[in-house]
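For reference, the structure discussed in these notes is given below.
FYI, it's all coordinate maths here, none of it is from the lab. Everything numeric here is computed off the predicted structure, so don't read it as measured data. Using ideal geometry, Cβ is built from the backbone for each residue, glycine included, and neighbour counts are taken over all protein chains shown.
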């Protein structure tokens, strides 16, 4: 029956990436949400936790133990880092044929040493780590189509990999020149109650964080190094910005001889035909609000006043293309649906 | 040919209600945007004016003169008050069979005297004024289905009419007791450059405006009086709030004997089965962010500590159910489409 | 020695009212901060907890037990409700001559029954409860000058008592007609980590809270009833607004015959000569941002379109005149300093 | 008479830097505001334009022609770029002994060629251009003390010059490695009505601007080159951030052999004893909200994960240390007052 709906479970539905998955999946014509989990909030309805869902029928929140994974076609895993690997290992033990799109960082790094360096303990599911496809669709589309387990990349990562990898592959920029200031909205910090994320602590001001080492650097190193064919360790500083949604990266590069306009043309050609990557005209500057709520990435390339230097500006919605939207895009590939299905929503502005 | 797409023109596409119409119509399966107008910005592309539309094909912005209304099925008119009546009169002269959904205030008041009182000059299209249906779907659904011209109600108005009219019709509340504090986001002030609407003037603070007389009062008076069967003039103060989207009305009432819970039950019954009006459980308090970006109205009823008094809280997104979403809902009725088509989007939160 | 500085202790210095006290006291010419307490953060420096104080010398945070109250002239108590009464009782046992300005709600209600009704348990220091002066300077200046213990009023309370009490005393408004929608910024919710106060939960939206009964109602009832000479129970709804600072009350009243302009003149006369209460010209509307960071209250009176009804708008900064600024004003009276000392700061706008 | 108050004129009092000057000067014990100008708003009171000043006596707004500069001791000039040079030339013709602190960019660049390059037309007061002292107090204190005309530096400029110049002077960093991402609040864009600065256009999002060439780059080049003893042209991108106040610069550098901790120690030593520059402990990250409303600069130095690379974070309030506070600090020097007079206000947080 070609049109039977795929049965979907969302593990960790009480966080922002979880609710964003539900928002997208509820309007996706080919899927049906059959299970939603939330450890501490098990027993509540989704509307208790996110009142915007009150008008819509949804399964109650349960613990992971209560899910019958043999009756599920695809699992989205939106759990905290580290616990994820144990959970997914068990899911595959029970239901080896289920597909998994994991939104944590647990399966993004291929190198067990790099994983241990950035996350502080050895990986406990190294076979799955090797099996997982890196879920950056525009770069790894073919691998993802065949994957059982997809590691959805990080939000800072997606923003800064997409506009840089094609330039490194082409040898057009100096790998050691890359400097990134990556501004993020507050929703990326998640929904757990922390003093540092109270409105009064973070509105009307701005500050950098994790300056000496943010975990997304491991993903950047991995993908940049692969593209350049040699180790690359960019300078990278994340900055917490008083807005809900959006990543906005200012990427400073030096070319190997190309002009800034050459860089622009390389990117425009590379992403021609992509539904979710839009390269602006040369010299134009994107704004994060123009992608808010959508699955789009907007990329701009501007010449620096000094020839041989260029500034690349890249922006996306951290909860959509930076997390749940990209996860649905991965699901579409894994389940053989059209890639853009359920992701057509246009940015909400203002 | 049942599935030919309806041809749509949007007059005044460079404002926020215009762009919101485009956002919704671009994803509506039964329509096609064939004309977009913007007087001062004619000649530009929609992407020049709203970069979020860059990835999507759209007609160029033109002046109203350049539109062939005989090749259009329905016109959305998102023009400033007053100029609107002239424009629509001319549209009907050229194309008498076209349908019009007007987002201005020009056709909302049935009484020419009331119009002149609130808007300062006599109406110049009084026949159309009498012809127009008041576009509050949940109350006037049948009239709208047959209408050629629909007057889309105001954002404050919709928020405060929906939860009060059923109570007045039932005689459950004292008509003279109604007091409304109606908080609105900034996008309701439109996109024209005004010092008073600069970020630095309106963020991090709050203030009332038009306290002694906001034009939406005319619509409230009209609908409340009709429901009560005698003149009603509520106290009404609009308040400018540092957020983009949302109307949030605190409505204070005294009952004619009913309890607050009776009021709740009346509303829950009245709106049962409505796709876009959600009455929360008795005592629960809605939040504007739970309807942001959606066409929903959320209504809560809470008992005051003194019996016989109640507080009603009503909220919607001023650009969706308070303007463009409601306009599309009206279009769906007028063109015979399912009422919810193109309006299924769930609130964006955070 | 006339100019010896008064020795001040701040109990509960790690919250927002505590830090606001420190901000004001550090620049007050007649006082010296000798002790700062914070239970869970004892041992830290004030700069660890509030980095804005890093450039200034301040005592370390200690527990309350570590404070020698016999070497203190005045104690500000910025502790949670309920625990406060025990703490202050002990302070007076050790140091009967010390002065105390209490920012909690524990000593605001004179009637033990009312206290128990609003706070859920009986008062444990009823003698002090009777002794305490209600610290609304503009109304109780003489009592406060002689007081050993001052109960600093709440932020919603101060905003809505000041513009209404003179009208009730004059018999100019109907006591039963009072309806208040009182909007507050986020800092009033304090600094403890709560999911409901995260930036992503409360920005870009608005909602009412404690609709069926906010504790500040007890203070309103007490002061309104006293002014009217008979029981008054206003309708009162607090609303959480996406800004850091500010209370903004819309107060709807019906007169007993007076015009709105009469109400204005009554208030203008009553507050003539007050340094911190500014009555705007009749018909003018205040904004919360024009008092932000200052100890001012701005009050506006506007005529409703229906004669005999009026709208009063009252605004202050909840952390200054609504808490710590008013506390310093009380301190100035209690210690015999000029009332405005250390409170001259003008609003920060934008 | 040692304590006679200095007579101050503020030209351009209706903008944000103008109102910020008035806020500071009203509380400065040694000055008296004798004239306030505003071309289009001449005739209004300051309270009409900025209601926060309503409680305080201030001269009416007049046109510049109406000011008697011979009865003024010091003029603050907060006028738009370009018109400023004509105005100041005339002021000195009328009153050669008056002191001027200019907040525009007109006298910041010493090189007439650089001025023309960045501002598009030749300078019309080149003698004054050579005479002017560059008003960055911590670096040019002695020149400023003797100056008749002080060119107050830009907000981005002050933020990025203070932490970098000492390192360049010491030869501790590679001049060609400097990359700056400088985030600014909205008030820096001024108070004129522009669509691009409406709340709904700039809240809930972020974007770079003037990427290919912001005028503050000219000041950076001048001061960096002077410190390095050879031409320096840093990469510099300004970014518009949804907050009112604050500049926050992420400055990426490579050392000439020093460690990041060496850079920290250099800065800590250089600014030891400065009242308005606070260097945080090594590795600590400043936040813009911790300097909001104050005249402080907070500087942090953090080691990059790769030795020989460091990240410097520098922040100030653009309207205080980035404009009007620094101007008052310059006034204090020029008029022989203690440098910190009137500038003791502590940051407002939250």
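Helix D:83-94 and the longest principal axis of the C-alpha atoms of chain D enclose an angle of approximately 50°. With the alpha-carbon atoms of the range B:139-222 aligned to their principal axes, the span from lowest to highest coordinate is 45, 36, 19 Å, starting with the largest. State the dimensionless ratio Rg/Rh of the protein assembly as shown (Rg: radius of gyration of Cα atoms; Rh: Kirkwood radius). Rg divided by Rh gives 0.95. At a Förster radius of 60 Å, what calculated FRET efficiency corresponds to the Cβ-Cβ distance of residue C:111 and residue A:209, to the nearest 0.05? That pair, residue C:111 with residue A:209, gives E of 0.75. Chain D has one residue whose beta-carbon comes closest to the axis relating it to chain A; that residue and its distance in whole Å are D:181, 2. Reducing the range D:300-318 and the range A:56-86 to their Cα centroids gives an inter-centroid distance of 41 Å. D by Stokes-Einstein for the range D:90-164, Kirkwood Rh over Cα pairs, 37 °C, 0.692 mPa s: 252 µm²/s.
Restricted to Cα atoms, the range A:157-317 shows a radius of gyration and a Dmax of 15.8, 49 angstrom.
For the listed peptides A:114-126, B:72-84, a ranking on the average number of other beta carbons within 10 Å per residue, highest first, reads B:72-84, A:114-126.
The value of relative contact order for the range C:157-318, using C-alpha pairs under 8 Å at least six residues apart, is 29 percent. The modelled label-to-label distance for the pair residue B:269/residue C:344, using points 7 Å beyond Cα in the direction of Cβ, is 6.7 nm. Give the angle, between 0 and 90 degrees and rounded to the nearest 10, that separates the Cα long axis of helix D:260-270 from the longest principal axis of the Cα atoms of chain D. The answer is roughly 30 degrees. Peptide D:283-291 has a mean of 6 when you count, residue by residue, the C-beta atoms of other protein chains within 10 Å of its C-beta. Full extension of the segment from residue A:32 to residue A:259, taken as 0.36 nm per residue of separation minus the current Cα-Cα distance, would add 76.8 nm. Its Cα gyration tensor gives the range D:9-61 an equivalent ellipsoid, and the semi-axes of that ellipsoid, as √(5λ) in whole Å with the largest first, are 16, 11, 10. In chain B, the alpha-carbon atoms span a convex hull of 140 Å³ per residue. Put a dot 7 Å past the Cα of residue B:335, heading toward its Cβ, do the same for residue B:48, and the two dots end up 2.7 nm apart. Residue order for A:292, B:309, fewest other beta carbons within 10 angstrom first, comes to B:309, A:292. Rounding to the nearest 10 and keeping the result within 0 to 90°, find how far the Cα-based axis of helix C:216-228 lies from the longest principal axis of chain C. With both axes taken from Cα atoms, the answer is about 60 degrees. Computed over the alpha-carbon atoms, the range A:6-131 gives an Rg to Rh ratio of 0.99, Rh here being the Kirkwood radius from the mean inverse distance. Roughly how many Å is it from the Cα centre of the range A:178-247 to that of the range D:23-39, as a whole number? Their Cα centres are 43 Å away from one another.
Averaged over residues, the count of other Cβ atoms within 10 Å places the peptides B:253-262, A:238-247 in the sequence A:238-247, B:253-262, highest first. The label point for residue C:194 and the one for residue A:142, both projected 7 Å from the Cα toward the Cβ, are 5.6 nm apart. For the residues of C:184-196, the average number of beta carbons from a partner chain within 10 Å of their own beta carbon is 4.
Dividing the summed helix terms, -39500 (n - 2.57) for each DSSP H run of n ≥ 4, by the number of residues in chain A produces a 222 nm estimate of -8000 deg cm²/dmol to the nearest 500. Across the copies of the chain, residue C:195 has label points (7 Å from Cα along Cα→Cβ) spaced 2.1, 4.2, 4.6 nm apart, shortest distance listed first.
Residues of the range B:36-80 with an amide N closer than 12 Å to a point placed 7 Å from the Cα of residue B:97 along the Cα-to-Cβ direction: B:70-73. Shown for residue C:80: label points 7 Å from Cα along the beta-carbon vector, and their distances to the equivalent points in the other copies, 2.3, 5.5, 5.6 nm in ascending order. What separates the residue A:256 label point from its copies, with the point 7 Å along Cα to Cβ, is 3.0, 8.3, 8.9 nm, written shortest first.
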